[in-house]
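Colleague: My questions will all concern the structure given below.
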Amino acid sequence: MEDERDIIELDQVYDDNTYTLDRRTAAEVLRFAESQDRAQLISILEPLYAADISNLVEQISVYDRKFLLSLHARKFDGEILTELEEGVREDIIALLKL
């Protein structure tokens with residue numbers, strides 16, 4: 001699992017200030033993915049915007065993406081995929097096919 005210091009600038013503020021994706025949330029997502037705690041992972045990811053999830057996925061390692069996708073693949077929808085950078089999107093699609 002990546003150390004939260006290794007996560008690159010995940011702070012995002014939306015105009016309506018309803019949610020801010022911060023480093024602590026990102027670190028919790030990675031911790032729950034690594035410990036394979038699907039219920040906790042879903043509870044954190046559920047309120048996030050597709051852009052937040054895609055931003056998180058782009059910032060974590062391929063290793064951590066595999067953990068995340070193994071637990072969250074059923075909820076990993078097209079809206080999230082469209083928000084990803086092309087190279088990351090291709091990697092995710094390949095992982096989803098496994």
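The values are calculated or read from the model by the stated rules, or taken from the named source; none is laboratory data. Not measured: the values here are computed from a predicted model. Glycine gets a Cβ as well: all are built from the backbone with ideal geometry, and neighbour counts include every protein chain shown. Accessible surface is based on the protein model in full, side chains and every heavy atom, while ligands, DNA and RNA are left aside. Shrake-Rupley method; radii C 1.70, N 1.55, O 1.52, S 1.80 Å.
Colleague: If I ask for residues that are more than 10 Å from the chain's Cα centre (by Cα) and either of a type in the set (Phe, Trp, Tyr) or part of a loop (DSSP other than H, G, I, E, B) (or both), which ones from segment 46-66 would you list? Explain how you work it out, then say what you get.
Modeller: Applying the first criterion (more than 10 Å from the chain's Cα centre (by Cα)) to segment 46-66 yields 46-47, 49, 61-63, 66.
Of everything in segment 46-66, those that are more than 10 Å from the chain's Cα centre (by Cα) and either of a type in the set (Phe, Trp, Tyr) or part of a loop (DSSP other than H, G, I, E, B) (or both) turn out to be Glu46, Pro47, Tyr49, Ser61, Tyr63.
Colleague: Those residues that are open to solvent by 70 Å² or more (accessible area, probe 1.4 Å) and either at negative phi or β-branched (Val, Ile, Thr) (or both), I need them from segment 24-36; list them, please. Give the steps one after another, and end with the answer.
Modeller: Taking segment 24-36 as the starting set, the residues that turn out to be open to solvent by 70 Å² or more (accessible area, probe 1.4 Å) are 24, 31, 34-36.
Passing the criteria: Arg24, Arg31, Glu34, Ser35.
Colleague: For segment 83-92, check the following and say yes or no: at least one residue is touching a Ser or Thr at 6+ places or on another chain (Cβ under 7 Å), at pLDDT 90 or above, surrounded by 11 or more Cβ atoms within 10 Å (Cβ to Cβ) and among the charged types (D, E, K, R). Can you show your working first?
Modeller: At the first step, the residues of segment 83-92 found to be touching a Ser or Thr at 6+ places or on another chain (Cβ under 7 Å) are 83-84.
Still in the running and at pLDDT 90 or above: 83-84.
Subset that is surrounded by 11 or more Cβ atoms within 10 Å (Cβ to Cβ): 83-84.
Remaining after also requiring among the charged types (D, E, K, R): 83.
Checked segment 83-92: at least one residue is touching a Ser or Thr at 6+ places or on another chain (Cβ under 7 Å), at pLDDT 90 or above, surrounded by 11 or more Cβ atoms within 10 Å (Cβ to Cβ) and among the charged types (D, E, K, R).
Colleague: For segment 41-58, enumerate the residues that are among the polar types (S, T, N, Q) and either touching a residue at least 12 places away in the same chain (Cβ under 8 Å) or in contact with a Lys or Arg (Cβ under 7 Å, 6 or more places away or on another chain) (or both). Please lay out each step first, then the result.
Modeller: Looking only at segment 41-58, we keep the residues that are among the polar types (S, T, N, Q), and these are 43, 54-55.
Hits for segment 41-58 are Ser54, Asn55.
Colleague: Looking at Ala33, Ala51, Ala39, Ala73, which one is in contact with a helix residue (DSSP H, G or I) (Cβ under 7 Å, 6 or more places away or on another chain), among the aliphatic types (A, V, I, L, M) and at pLDDT 90 or above? Outline the logic, then answer.
Modeller: Details: Ala33 fails: at pLDDT 90 or above; Ala39 fails: in contact with a helix residue (DSSP H, G or I) (Cβ under 7 Å, 6 or more places away or on another chain); Ala73 fails: at pLDDT 90 or above.
Checking each option against the conditions leaves just Ala51.
Colleague: I'd like the full set of residues that are part of a helix (DSSP H, G or I) and in contact with an Asp or Glu (Cβ under 8 Å, 6 or more places away or on another chain), limited to segment 76-90. Walk me through it before giving the result.
Modeller: Start the filter on segment 76-90 by keeping residues that are part of a helix (DSSP H, G or I), which leaves 78-83, 86-90.
If the condition is that a residue be part of a helix (DSSP H, G or I) and in contact with an Asp or Glu (Cβ under 8 Å, 6 or more places away or on another chain), then Val88 is the only one that fits.
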